[in-house]
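Quick notes on the structure that follows.
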């Protein structure tokens with residue numbers, strides 16, 4: 001290994017692991033939820049109000065709804081266990 005490569009490796013720190021990083025929640029709009037679930041917008045609208053335990057969206061404004069990705073994934077996993 002050349003001296004330049006050795007010095008570069010010594011300068012760089014390993015990336016922070018999951019315990020050191022800040023976890024940020026990801027939010028999905030209706031299009032992303034429909035794409036992930038293979039649903040139409042109509043089906044999403046039917047489930048939007050908590051049908052079959054489906055997560056309720058966060059209402060940011062009259063026309064802006066977002067779902068937490070973690071809640072969608074948890075709901076899918078609970079459905080798969082049945």
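Throughout, read-outs are computed from the coordinates displayed, never taken from laboratory work. Note that the structure is a prediction, hence the values are computed from the model and not measured.
Over segment 25-80, what is the relative contact order in percent, taking alpha-carbon pairs closer than 8 angstrom and at least six residues apart? Could you put the intermediate results ahead of the total?
Values: 55 pairs, mean separation 22.0, N = 56.
About 39 percent, as a whole number.
Stick to Cα atoms and the Kirkwood definition of Rh, then tell me Rg/Rh for segment 25-80.
So for segment 25-80, dividing Rg by the Kirkwood Rh gives 0.92.
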